[in-house]
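The values are calculated or read from the model by the stated rules, or taken from the named source; none is laboratory data. Keep in mind that this is a model prediction, so the values were computed, not measured. FYI the Cβ positions are ideal-geometry reconstructions off the backbone, even for glycines, and counts take in every protein chain you see. Quick note on the areas: whole protein, heavy atoms, side chains included, nothing else; ligands and nucleic acids left out. Shrake-Rupley method; radii C 1.70, N 1.55, O 1.52, S 1.80 Å.
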Amino acid sequence: MFGNVYNNKKVLITGNTGFKGAWLSLWLKQLGAEVYGVSKDIPSSPSLFEITKMESLVKHTFADIRDLNKIKELIHEIKPDFVFHLAAQPIVKLSYDDPIYTMSSNIMGTANVLDALRLANFPCTAIMITSDKCYENVEWEWGYKETDHLGGKDPYSASKGAAEIVIKSYYESFFKDPSSQIKIASVRAGNVIGGADWAANRLVPDMFRAWSLGETVPIRSPHSTRPWQHVLEPLSGYLKCGQELYLDKKYNGYAYNFGPNSDQNKTVLELLEEISKYWEIQKGAAMYQLEENNSFHEAGLLKLNCDRALQHFNWKPTLHFDETVAFTATWYNNYYNNTDIEMLAFTNKQIIEYVTNARNRNNEWVK
């Protein structure tokens, strides 16, 4: 897979204790990488990082991405072949509660990683992860392209749009120079679901937290439409982007969208009802209740155009909507209801099953 470029390579993941970072760590371990991680804390309890005892699997450092000197020190010490920058404040609602923390983490944290790489200037391929919410969302029916306007009505979206501008400026000012040994790309995805996400104020974690306690899940926007995708889908895109950029500098400085097929745009209510089929709910109990006084703005419609990733890398998503739901719900069901299942082994098994599906569907990145 991925041309075997990650085998025996040093890979640094910022935000490795988070949902996506932990899944990426396990996949890279399967690919033979020497995985390093840096995060300021473990953002939830439980967490995939703790459940899988990942601190024994990767070389982890607790540090704040906003600490430039520490990030410079780590990158100089590790000299990674690859960097995947995921560390961020990822929750829209929290960005209203603490916009300055959101801005400093998402904008200055990104700048710190880029500046540490600029100063080190050893051969390194850096994949900078932002979000689909970096786009100025006017809620049109077609997908946003990488060349569309950046922006955001809420602090989280604004921070991601600003991070993209920082990434572009570092490329144009420093990494575009032929003397630079750093290659970067930014990647954008959103509405990722999958087992082991316990972030606050996210739909799927809220569902399983409530249902595991026999409670009803509160729903803010039942008719909002999202491009739901399993966590392994964008991760396959990030890894494919890293492979191609490592092998060919012509991709240096590009931005890429990674999202599901358009038929996976489903409403919050449709996702909830599909996932609930995998969870036994007490007869007569309500699955959800509408939450009143939703005081902050959330987009009603948002999807991505992924043609550039298809054209440059021949990347395309693997799972259908029902498979995305099954992967997600089965993970949580085993965690909460099947104590005989060892979750590290089961999580690794899901990665292998996902790869098998991609191979059976002739996806290019498997080759």
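Numbers below:
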quantity	calculated
Peptide ranges 35-47, 215-227 listed from the most packed, as the mean C-beta count within 10 angstrom indicates	35-47, 215-227
Cα-based Kirkwood hydrodynamic radius, the chain, one decimal, Å	20.7
Listed residue (Ala87, His223, Val204) projecting farthest to the positive dipole end of the chain, Cβ model	Ala87
Distance histogram in 10 Å bins (all Cα pairs of the range 1-158, percent per bin)	10, 37, 34, 17, 2
Burial order of peptide ranges 15-28, 167-180, 108-121, 246-259 (average beta-carbon count within 10 Å, highest first)	15-28, 108-121, 246-259, 167-180
The range 1-94: Cα Rg divided by the 2.2 N^0.38 Å rule of thumb	1.05
For Gln89, residues with placed amide H under 5 Å, excluding near neighbours	Asn106
Under 17 Å from Lys133, Cα to Cα: aspartates and glutamates that are on another chain or at least 8 residues apart	Glu141, Glu146, Asp148, Asp154, Glu164, Glu298
Accessible carbon and sulfur surface of the chain relative to its total accessible area, %, 1.4 Å	48
Interchain or long-range residues, amide H under 5 Å from Tyr256's placed H	Ser186, Val187, Arg188
All aspartates and glutamates inside 14 Å of Lys9 as judged from Cα atoms, apart from same-chain residues fewer than 8 positions distant	Glu34, Asp81
Cross-link pairs beyond the 21 Å C-alpha cut-off, checked among Lys183/Lys250; Lys79/Lys250; Lys29/Lys277	Lys79/Lys250; Lys29/Lys277
Accessible surface, per residue, of the chain when the full set of protein chains is kept, probe 1.4 Å, Å²	42
11 Å beta-carbon shell around Pro90, net charge (K/R +1, D/E -1)	+4
Above-threshold pairs, the threshold being 29 Å between Cα atoms, out of Lys168/Lys303; Lys20/Lys59; Lys59/Lys153	Lys59/Lys153
